[in-house]
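Heads up, the thing below is written out as structure tokens.
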Amino acid sequence: MFDELRPHLVELRKRLAISAGSLIVMFFVMFYFHEPILNWMVEPLNIALIEVGKKSVHAADGMITTSQVGGAFFVALKVAFFAAIMGALPIILSQIWMFIAPGLYANEKKMIIPFVVGGTVMFASGVLFAYYVVTPFGFDFLITFGSFKFTPLINIEDYVGFFTKIMFGFGLAFQLPVFAYFLALLGLINDKQMIAFFKYAIVIIFIVAALLTPPDVLTQLLMAGPLIILYGVSILIVRMVNPAENEDEDDDEEINTQDKLEESK
């Protein structure tokens with residue numbers, strides 16, 4: 001049994017090594033540019049603090065702080081790692097596809113470019129949606145709440161972790177149509193199965209939204225809503241790629257088959 005698994009383990013090690021290597025290279029590149037990336041990440045927070053400052057005397061003193069010795073250095077590492085994952089994502093996705101490609105048909109192996117491009121574009125779309133739609137509402141709500149009593153002193157280490165969790169959560173969530181497309185291409189799912197699973201999918205979506213977003217209802221709804229829409233889009237995609245067979249057509253085929261058998265007898 002181990003001899004049968006050994007080639008797969010060797011291939012897996014190769015793909016992981018290439019993915020890790022690309023991630024390390026991108027990490028050093030992104031570390032060099034960590035300051036402009038951090039400025040981009042902190043901009044929604046700065047805007048929220050300014051808006052809150054207009055509404056409350058206490059919030060006018062709000063600022064971004066660090067509570068650790070060398071905190072700025074560790075923040076730079078986190079920022080570089082976050083950006084490196086996004087930069088290396090096309091290579092990582094291509095290595096995932098190359099690992100599963102040996103088990104696919106020849107025409108399916110050619111789908112590596114749509115898989116890599118589609119996965120990268122949808123991940124970036126999720127990140128941009130979170131950045132320009134979710135974070136302005138979420139940060140404004142979370143910082144404004146109680147700002148008339150407390151001065152917001154935001155710890156940069158906590159904020160970067162908070163920010164990357166939201167970005168990765170939305171990036172992964174937006175992969176739903178991509179995975180639905182390729183599962184349908186492999187014949188593993190069809191549109192009727194997805195429609196039948198819809199009521200369960202809603203429950204799962206809200207659970208995922210609660211796990212991947214901050215503990216406030218607004219941000220969770222801002223993730224759950226697009227996910228439900230993306231699930232509907234995925235149904236349409238699966239219907240085009242692998243539509244469920246019509247039961248009436250199946251019955252007609254069975255009847256025709258039986259008639260031919262009887263005629264042959």
Failed condition for Gly187, given (1) in contact (Cβ under 8 Å) with a residue 12 or more places away in the chain; (2) in contact with a helix residue (DSSP H, G or I) (Cβ under 9 Å, 6 or more places away or on another chain); (3) surrounded by fewer than 14 Cβ atoms within 10 Å (Cβ to Cβ), with all others met? (2)
Would it be correct to say that Gly225 is small (Gly, Ala, Ser), assigned to a loop (DSSP other than H, G, I, E, B) and either loosely packed, with under 14 Cβ neighbours inside 10 Å or out of contact with any strand residue (DSSP E or B) (no Cβ under 6 Å at 6 or more places or on another chain) (or both)? no
Name the one entry in Asn256, Asn242 that is over 30 Å from Ile85 (Cβ atoms), exposed (fewer than 14 other Cβ atoms within 10 Å of the Cβ) and at pLDDT below 85. Asn256
Does the range 67-85 hold any residues that are part of a helix (DSSP H, G or I) and more than 17 Å from Phe162 (Cα to Cα), and which are they? Phe73, Ala84
Select from the range 148-187 the residues that are charged (D, E, K, R) and either assigned to a helix (DSSP H, G or I) or closer than 30 Å to Glu245 by Cβ (or both) and list them in ascending order. Glu157, Asp158, Lys165
Considering only residues that are touching a Ser or Thr at 6+ places or on another chain (Cβ under 9 Å) and either open to solvent by 50 Å² or more (accessible area, probe 1.4 Å) or closer than 16 Å to Arg239 by Cβ (or both), which ones fall in the range 192-219? Met194
Restricting attention to the range 116-129, and to residues there that are free of Cβ contacts under 8 Å to residues at least 60 places away in the same chain and touching a helix residue (DSSP H, G or I) at 6+ places or on another chain (Cβ under 7 Å), which single residue is surrounded by the most Cβ atoms within 10 Å (Cβ to Cβ)? Gly126
Considering only the range 105-115, how many residues are aromatic (Phe, Trp, Tyr) and open to solvent by 20 Å² or more (accessible area, probe 1.4 Å)? 1
Which numbered condition Ile143 fails, given (1) under 23 Å from Leu218 (Cβ atoms); (2) buried (at least 18 other Cβ atoms within 10 Å of the Cβ); (3) in contact with a Ser or Thr (Cβ under 8 Å, 6 or more places away or on another chain): (3)
Hey, does the range 94-104 have a residue that's assigned to a helix (DSSP H, G or I), modelled with pLDDT of 85 or more and of a type in the set (A, V, I, L, M)? yes
Pick from the range 65-89 the residues that are of a type in the set (Val, Ile, Thr) and more than 22 Å from the chain's Cα centre (by Cα): which of them is least open to solvent (accessible area, probe 1.4 Å)? Val75
Can you find a residue that is within 22 Å of Ile85 (Cα to Cα) and touching a residue at least 24 places away in the same chain (Cβ under 8 Å) anywhere in the range 134-150? yes
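The values are calculated or read from the model by the stated rules, or taken from the named source; none is laboratory data. A quick note: this is a predicted structure, and the numbers were derived from the prediction, not measured. Quick reminder, even Gly has a Cβ in these numbers, built from the backbone with ideal geometry, and neighbours come from all protein chains shown. Note: accessible area is taken over every heavy atom of the protein model, side chains too, but ligands, DNA and RNA are not part of it. Shrake-Rupley method; radii C 1.70, N 1.55, O 1.52, S 1.80 Å.
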